[in-house]
1. Of (1) in contact with a strand residue (DSSP E or B) (Cβ under 6 Å, 6 or more places away or on another chain); (2) surrounded by fewer than 20 Cβ atoms within 10 Å (Cβ to Cβ), Val48 satisfies all except one. Which?
2. Taking the stretch 16-54 as the region of interest, how many residues are in a strand (DSSP E or B), out of contact with any helix residue (DSSP H, G or I) (no Cβ under 6 Å at 6 or more places or on another chain) and of a type in the set (S, T, N, Q)?
3. Under 9 Å by Cβ, and 6 or more places apart or on different chains, what pairs join a residue from the stretch 86-114 that is modelled with pLDDT of 90 or more with one that is loosely packed, with under 14 Cβ neighbours inside 10 Å and β-branched (Val, Ile, Thr)?
4. Could you tell me whether any residue of the stretch 64-83 is at pLDDT 95 or above and among the polar types (S, T, N, Q)?
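The values are calculated or read from the model by the stated rules, or taken from the named source; none is laboratory data. From a predicted model like this one, the values you see are computed outputs, not experimental measurements. Neighbour counts run over all protein chains shown; Cβ positions are idealised from the backbone, glycine included.
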Amino acid sequence: MNSKQLCELAIDALEDVKGINIKVFDVVNKSSVTDIMIFVSGNTSRQVKALANSVALKAKEAGMPALGIEGDDTSEWVLVDLGDVVVHVMQPSIREFYNLEKLWGEDSPADSSLTEAN
């Protein structure tokens, strides 16, 4: 499964659990760690955890289990590492505070394309 297919799988999993404000960033030219970063919000810690679990489950079912899941103990910000795709699931206040979209988006130092879903 290539990174674009893995990204689509993750987006489908997030939409299944009603993820809010899904944003997808191509970071191939900005990071040696991953190709795509996805940011999504969940209104409560319960929804954040459900969104992360949905991504991990769909990836596992597709034969691409998550390399790691971090932050699911408090579920304010959960990171799901799928290798070529990293998913950041955050409560809105955490997402606003850290503003990672600015770090990885069009305004970041390296030049790359930005794609938005939803």
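1. The one condition Val48 does not meet is (2).
2. 1
3. Val86/Val33; Gln91/Thr44
4. No, every residue in the stretch 64-83 fails to be at pLDDT 95 or above and among the polar types (S, T, N, Q).
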